[in-house]
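Read-outs throughout are calculated quantities, based only on the coordinates presented, and are distinct from any laboratory measurement. Predicted model only: the values in this text are computed from it and were never measured. Heads up, the Cβs are rebuilt from the backbone with ideal geometry, glycines too, and the neighbour counts pull from every protein chain shown.
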Amino acid sequence: MIRLDESPTMVTVGASLFADALTAQAAAPLEVQWTPPVPGSEADLALIAADLRTHAATAESVRRLTAANPRWVDVLPAGDVLGLGPREFLHAGPPVDWADASGPIRGALAGAMIYEGLASNFEEAGRIAAQGGISLAPCHSRSTVGPMAGVVSASMPLSVLEDEETGRRAYCTLNEGLGKVLRYGAYSREVIDRLRWLERTLGPLLGATLRKRGPVDVRSLIAQALQMGDECHNRNRAATSLLLREITPDMLESGARSEDIVAAFRFINGNDHFFLNLSMPACKVAADAARDIPGSTMVVAMARNGTEFGIQVSGTGDDWFTAPAPPVRGLYFAGYGPEDAGLDIGDSTITETNGIGGFAMAAAPAIVLFVGGEVSDALENTLRMYEITLTEHPFYKVPILGFRGTPTGIDTTLIVRSGVLPAVNTGIAGREPGVGQVGAGLVVPPMSVFADAVRALALRAVPRGAPGRSESRNQ
Amino acid sequence: MNTRVELRRGIYRDSVVLMQVSQAVAACHGVAAAIVAMATPLNIEIYERLGFDPAEVKGASPNDLLVAVRGEDDALDAAGAELERQLAPSATPQGDGFGSPPAPRTLASALRRGGSLALISVPGQHAFVEAMDAIQAGVSVMLFSDNVPVEQEITLKDEAARHDVLVMGPDCGTAVVGGLGLGFANALRPGPVGIVAASGTGAQQVTCLLDADGVGITAVLGVGGRDLSAAVGGRSTLAAMKALDDDPATEFIVVLSKPPDPKVAETVRDAAGRLNTPSLVAFVGVGQGDLTAATAQILAALGRSPTAPPQWPAPYDRTPRSGFVRGLFSGGTLCDEAMAIAAQRLGPIASNTPLQEAWAIGDDLNARGHLMIDFGDDRLTAGRPHPMIDQSLRLERIAQEGSDPRCAVLLLDVVLGYGAHLDPASELAPAIATARESAQRCGRDLAVVVSLVGSRSDPQGRDATAERLAAAGASVHLSNAAAARTAVDLVEGAGR
């Protein structure tokens, strides 16, 4: 109960004159820098706050998110682990069909169709896809995440990440490197040839290595890399190095041909982003563990397909809340500019959903220029994210912030209340199919997706004293 | 003459700040009219009333900052510069460099950094969510905000019980906890009395009268004006009584309220009977005794003989005169008390918060006879600062009454303490003098009576304030009841 025998430590929100009056009494209150929520959301926010389930449900999703212990256990073909048929393709972001698909997704789908032998060129692939000759689904709907276009087809080898805590699994393709690559919508001969090498050489080699040595503790690698200048979204240099060190002896002992092992080393060593395709499914398996808790306001997916930016929230099941994908603010490779850029794309925002990437920007001073700022901006970015998150990650720490845990567990209601949007780091894909990556930068998600999620949560809220009415309120 | 109208998106300042900005811009040389305010429907109404073109603000949302200035051509630039100066971020940075956190944006975030009591004064429709943040963090709440729906109040208080914290409010004007004054609070000395108050100004009146008699307090726990309604059922009152009963320093507990719902009154009386600490349940209002009488009862219970509350007489002789009493209040309970006292002897008192429905006045706030207005009523504070902070509505009304031949006596309350206007006499004394002069020019002697609620340690200076108001022609009373009786004495029995 309220303490009457000692002077309280005051926190104030609202009219500053009351804070001033406390200061006049030498009480030094902490003042909330309050602004009104997104217009029209007041009643929804109140309904959600009044729902008896909200607090505990949200806390439970946070607990599951941070308790996950993702480990890399295998590499297997998508057809085997996901049961993908020859005409089934996954893509990044919320659902989209060929007609609305962005350039990079069309390019990547065409490339994957050529790779799977369904078409011989882009035009033919386009005709088949436009006539409904293939079926499309978001990666997120199949426990999978894909960077940029995120296209997955049956023959592609997938890394299998398993959460030791729940046994749940998540999947991601092997990273192809930079430049002309499928995930940025390129589909030329060299792209297809590389996919074939991943399928026939690297995938089986890594799978055999993992099965022999046992799982790689990805959570531990992320935690270490954050202390070595990575944020594990736009910078994965330290983590990739650590990973290679970890698996080298086991690869050598795998019994594979030595020229294949050397090629694998060269490939991984030449691609600083190799680890991204492990940090993403590690985050995915944790976020999936936090899904489907009625009443929880925590975001479990943020993803883009180059056409739309979408989110999913624990308390609203598989519903997507979407808005047009925003442009990316950033730096361009020489010869490219904003006019060449596609809109925001990829499932890699799963890293921010799990408290790393843009949220751990303070851990990665080396790339602050790349993402458009100074070191102090990077610190501020991370510190601002604590305003919209529910906890500090127990394993992912930021040295420069005194080893404070990264801001983790995005709360839709806190975004709508504070007006603070998630800080997202990302690459920039060329807008036309076949071009590939043109730059990298920062993106500001659209506020409306969070406001829409709040509206949906409010519609599902259970009013006090009338639990029976919740059924009729559900959509 | 030229006009400049502008809507700025994404800028939010609280209304108190914007009032000051508006005034500063309007005060620029050559400016005829100016408004700087969030574009709420109310402010757009004011904007139109100032003669600006409604078409210019079509599609404005309450989250837009509305800026409109009319004046000489060269004055508009000066006004613009003044506006930028006023809106510029304060020189004190929010964080101090390397890794220091930015200012918290929600109460949930702030409370993660610490805090044992939250003071919430955001607009009513936003208050519930912030209050839930505090309760769920195990922190008690002083909820100053009004216009909070009663269902939300009940939910907050039920949640507070689950988390063993206290919700003071909504619409809680005053509290004193651990020696700290919250909201509108007087500087009170420590002492033996603990007060549970459903009425902010009522508690301020009683504690200031106790202060005049040298008696201090352990705590004033506000509960909000609706706590003792049938719907809310005294949830916070009962919790606050228990908190005081558990406090070893509290030797005497007072529960102070307007007459509540009869069943709730019984519950509160029963609970008081079970306390280990001696107590007084004082329901003040029509036919129930006044706050000054309740104070005398408290003093008697403490074994002290009450002295007459201090007063500062008007600087000239006053005799009964014909006409009506016009009361202009900032404190709701003070207004109610004055009406109850006056109605007994003068009959119907028209009001925006009338004792009887038949005595209600319209939105123009006018009546031909006796009239008392509570400027602190919810309906008059929506979208603008409380009259204890911003006296402009009352100042306008004082001028209006000064030139109304039917007004014989002007009755005002002035509430001192933390949170209130830093120097109310600086505006009220000239307004009183001017009103009296304008009455005098029409051959009337306008009597002014002030009920001054303040402690001897209040930052505004209780005695200095009283003396300046008296010098302007008012009689000043520390007892609101005494002030009301004085006002009635001045018109009672005289011809109309």
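The table below gives the values:
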{"quantity": "In Hz, Karplus ³J(HN,Hα) per residue of region A:289-296 (6.51, -1.76, 1.60; θ = phi - 60°; x = Gly, Pro)", "calculated": "5, 9, 6, 6, 9, x, x, 6"}
{"quantity": "Per-residue HN-Hα couplings for region B:160-175 [Karplus 6.51, -1.76, 1.60; θ = phi - 60°; Hz; x = Gly/Pro]", "calculated": "4, 5, 5, 9, 6, 10, 10, 9, 9, x, x, 6, 9, x, 9, 7"}
{"quantity": "Rotationally averaged projected area of chain B (alpha carbon convex hull; nm²)", "calculated": "25.3 nm²"}
{"quantity": "Backbone HN-Hα couplings from phi across region B:36-44 [Karplus 6.51/-1.76/1.60, Hz, Gly and Pro as x]", "calculated": "10, 7, 5, 7, 6, x, 4, 5, 5"}
{"quantity": "Share, in percent, of DSSP beta bridges within chain B that are antiparallel, nearest 5", "calculated": "35 percent"}
{"quantity": "Pairwise Cα inverse-distance average, inverted: Kirkwood Rh of region B:443-496 (Å)", "calculated": "12.2 Å"}
{"quantity": "Over the protein assembly as shown: Kirkwood hydrodynamic radius from C-alpha pairwise inverse distances, Å", "calculated": "31.6 Å"}
{"quantity": "Only Lys, Arg (+1) and Asp, Glu (-1) charged, at Cβ; the protein assembly as shown dipole about Cα centre in debye", "calculated": "820 debye"}
{"quantity": "Surrounding net charge for B:LEU302, when Lys and Arg each add one and Asp and Glu each subtract one, Cβ distance under 13 Å", "calculated": "-1"}
{"quantity": "Overall form of region B:304-417 per C-alpha gyration tensor (a/c, 1.5; a/b vs b/c)", "calculated": "rounded"}
{"quantity": "Virtual spin-label span in nm between B:LEU275 and B:ALA293, 7 Å along Cα→Cβ", "calculated": "2.1 nm"}
{"quantity": "Charged-residue dipole, Cβ positions (Lys, Arg, Asp, Glu), region B:411-456 about Cα centre, Debye nearest 20", "calculated": "120 debye"}
{"quantity": "Amide H contacts of A:VAL160 (H built 1.01 Å from N, under 5 Å, at least 5 apart or other chain)", "calculated": "A:VAL73, A:ASP74, A:VAL75, A:LEU76"}
{"quantity": "Euclidean distance of C-alpha centroids, region A:176-190 and region B:121-136, integer Å", "calculated": "51 Å"}
{"quantity": "Trypsin sites (Lys or Arg not before Pro) restricted to DSSP loop in region B:112-184 with at most 13 other C-beta within 10 Å", "calculated": "B:ARG113"}
{"quantity": "Positive minus negative residues near A:GLY133 (Lys, Arg vs Asp, Glu; Cβ under 13 Å)", "calculated": "-2"}
{"quantity": "Cross-link reach list, lysines versus B:LYS157, counting only Cα pairs under 16 Å and skipping chain neighbours closer than eight places", "calculated": "B:LYS242"}
